[in-house]
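S.K.: One structure coming up, written as structure tokens, with questions to follow.
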Amino acid sequence: MKKKSIIAVCLAAAMIMSALPGCGSTGGKVTESQEQTSQEEVLQESIPASEDEAVMDQPEKKMTYVTCITPQQSGYISMENIVKMYQEQVNPNFSIDIQYIADKPAYLQKIKTLVASNEAPDMFNLDTDPYAIKLLDQGIVVDLSETLDKYGLKDVFLPAPLGWGTTKDGRQVAMPIDFSIEVFWYNKKMFEEAGVTIPKTHSEFLEVCEKLKNAGYTPISVSGKDNWEILRYLLMVTYRYGENDFLYDLAQGKQKMDSEIGRKAAGFVQELGTKYFQSGFASTDYTGASNYFTGGSAAMYYIGTWDLPFMQDDQLSDDMKGNIGYFLLPTVDEGEPVGKSNFISNSTMPIAFGADKFDSETERFIEFYANHISEATSGLAFSPSVNGTLPNETELTKAIYEDMQKSSGSIKLFDIELDPATNELIGKEVVSLALGDISVDEFCSRVDASIEENAASYFSE
């Protein structure tokens, strides 16, 4: 017990004793000691509740947060920061147990298993995909729209990261963690020694890869275990030639992967995988792919700015300091692209809240989170908040921030728009495609068959 509480108890005991007959009473005469006790009683009544009493007034709340964000990433660290801030400033009886699942496929399977067992976590990362919408429709996760409106939080966030967790009909599935764009990071020395410059088109990109390989370098680092990284290369072609409409129509069965655009995209992935991805990419996880690039073993690495801290000089070896640059998505080889955005803008997989234990204390934490996320991400990532600060003042960060201001739309993703069965299948098949274990024909036909079997019933429910 703290000192203030001990004093308060002693004073209270003294007052009780003086009021009891035969315990310190001297009849009708008021002694100097009794007068002092009376003054102390009045003083004690005017003292506000002690710190311990204030703590006791706060509700005890322990939440479980299951995440696929690595402990080294800004999104994980910022959550630790904001929980600590909330404990210090609002409720010391609040805590979050963060449980990290190492790769996204394993993470998604864990979430589905927990949901099927009626044990959905209090918090978990959830993209706004068909599976998320089902959880929302079934009341397993909370539509946060009412909470955001209740506390006036929609205007706190920038439209792009907030929109990443919003459904097409305006329901808020999840809260943004940060504001990111996805870019190609590249090794300046390798580019210079191979005699190549930043590629502008898909053909130039392949030429750069070939020249880097001929110069003795591994052109690209990628994670095959986190198969969404390879799916991005598929998207680079389908988006440029078909915009988001290609993916929307594919997901609904109105378009085919076995089409001119789909086959072009599949061929692009296979050429990269069989020639230019690092050896063993299929079994490389997210952290391994990142370390392979930042350690100077590959010339390029495609990932979002949530990995920006790892690209900064204070995190790099001496031979890598000042050696990392970036460029945006290559475009079509001739004419104007249909899809004109030069980068994918989003929030690192945002946070959904399970409905089972959602209460007023959860809402209070959400309000605090929204109003303090910029502070929690300071020095780590670009804030999803209006008027958020830059993570740092390096030239690399400033250049990226300038590009972020040029966002001209949102590029939708394969692993978000497809039905769950096809999403699982395409994630596995795209790795086999990149390895050369299956042909372009086989890849396209398997994806189309899955969509034909699953999409109509799934999207009609």
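The values are calculated or read from the model by the stated rules, or taken from the named source; none is laboratory data. Values in this document were obtained by computation on a predicted structure and should not be read as measured data. Here the Cβ is made from the backbone with ideal geometry for all residues, glycine too, and neighbour counts use every protein chain on show. The protein model used for the area step is the full one, side chains on, heavy atoms only, and it has no ligands, DNA or RNA in it. Shrake-Rupley method; radii C 1.70, N 1.55, O 1.52, S 1.80 Å.
S.K.: Cβ contacts < 9 Å: first residue more than 20 Å from LEU433 (Cβ to Cβ), restricted to the range 447-460; second residue open to solvent by 70 Å² or more (accessible area, probe 1.4 Å) and modelled with pLDDT under 95, any location; separation 6+ or different chain. Result?
M.R.: These pairs meet every condition: ALA455/GLN252; ALA456/GLN252; PHE459/GLN252.
S.K.: Among the residues of the range 297-321, which ones are modelled with pLDDT of 95 or more and not in a helix (DSSP H, G or I)?
M.R.: Across the range 297-321, the qualifying residues are SER297, ALA298, ALA299, MET300, TYR301, TYR302, ILE303, LEU316, SER317, LYS321.
S.K.: Is one or more of the residues making up the range 162-173 without any contact (Cβ under 8 Å) to a residue 12 or more places away in the chain and either open to solvent by 60 Å² or more (accessible area, probe 1.4 Å) or on the phi < 0 side of the Ramachandran plot (or both)? Break it down into steps so the answer makes sense when it comes.
M.R.: Of the range 162-173, the ones without any contact (Cβ under 8 Å) to a residue 12 or more places away in the chain are 168-169.
With the extra rule that they be either open to solvent by 60 Å² or more (accessible area, probe 1.4 Å) or on the phi < 0 side of the Ramachandran plot (or both), the set shrinks to 168-169.
Yes, there is a match, as at least one residue in the range 162-173 is without any contact (Cβ under 8 Å) to a residue 12 or more places away in the chain and either open to solvent by 60 Å² or more (accessible area, probe 1.4 Å) or on the phi < 0 side of the Ramachandran plot (or both).
S.K.: Looking at the range 304-324 only, could you name the residues that are within 27 Å of GLY427 (Cα to Cα) and either of a type in the set (Gly, Ala, Ser) or touching a strand residue (DSSP E or B) at 6+ places or on another chain (Cβ under 7 Å) (or both)?
M.R.: Here is the first cut: in the range 304-324, the ones within 27 Å of GLY427 (Cα to Cα) are 304-308, 310.
GLY304, THR305, TRP306 - these are the residues of the range 304-324 that are within 27 Å of GLY427 (Cα to Cα) and either of a type in the set (Gly, Ala, Ser) or touching a strand residue (DSSP E or B) at 6+ places or on another chain (Cβ under 7 Å) (or both).
S.K.: Sticking with this structure for a sec: So, in the range 72-92, of the ones that are open to solvent by 50 Å² or more (accessible area, probe 1.4 Å) and more than 12 Å from THR377 (Cα to Cα), which residue ends up modelled with the lowest pLDDT?
M.R.: Step by step, filter the range 72-92, then rank; the result is GLN72.
S.K.: Being assigned to a loop (DSSP other than H, G, I, E, B), over 26 Å from GLN109 (Cβ atoms), not assigned by the TED database to the domain that holds GLU229 and not hydroxyl-bearing (Ser, Thr, Tyr), is that true of even one residue in the range 400-407?
M.R.: Initially, the range 400-407 is screened for residues assigned to a loop (DSSP other than H, G, I, E, B), giving 405-407.
Narrowing the set further to residues that are over 26 Å from GLN109 (Cβ atoms) leaves 405-407.
Next, from what is left, pick out any that are not assigned by the TED database to the domain that holds GLU229: 405-407.
Filter once more, so that each one left must be not hydroxyl-bearing (Ser, Thr, Tyr): 405-406.
The answer is yes, given that some residue of the range 400-407 is assigned to a loop (DSSP other than H, G, I, E, B), over 26 Å from GLN109 (Cβ atoms), not assigned by the TED database to the domain that holds GLU229 and not hydroxyl-bearing (Ser, Thr, Tyr).
S.K.: Output the number of the condition that ILE438 fails; it satisfies all remaining conditions of (1) in a loop (DSSP other than H, G, I, E, B); (2) over 19 Å from LEU234 (Cβ atoms); (3) not acidic (Asp, Glu).
M.R.: (2)
S.K.: Considering only residues that are buried (at least 16 other Cβ atoms within 10 Å of the Cβ) and among the charged types (D, E, K, R), which ones fall in the range 212-246?
M.R.: Kept after step one, since they are buried (at least 16 other Cβ atoms within 10 Å of the Cβ), are these residues of the range 212-246: 212-213, 217-244, 246.
LYS213, LYS225, ASP226, GLU229, ARG232, ARG240, GLU243 - these are the residues of the range 212-246 that are buried (at least 16 other Cβ atoms within 10 Å of the Cβ) and among the charged types (D, E, K, R).
S.K.: Take THR287 and decide whether it is of a type in the set (S, T, N, Q), open to solvent by 10 Å² or more (accessible area, probe 1.4 Å) and part of a helix (DSSP H, G or I). Talk me through it step by step, then tell me what you get.
M.R.: Values: of a type in the set (S, T, N, Q): yes; open to solvent by 10 Å² or more (accessible area, probe 1.4 Å): yes; part of a helix (DSSP H, G or I): yes.
The answer is yes for THR287.
S.K.: Keeping to the range 138-161, report how many residues are in a helix (DSSP H, G or I), open to solvent by 20 Å² or more (accessible area, probe 1.4 Å) and at pLDDT below 95.
M.R.: 2
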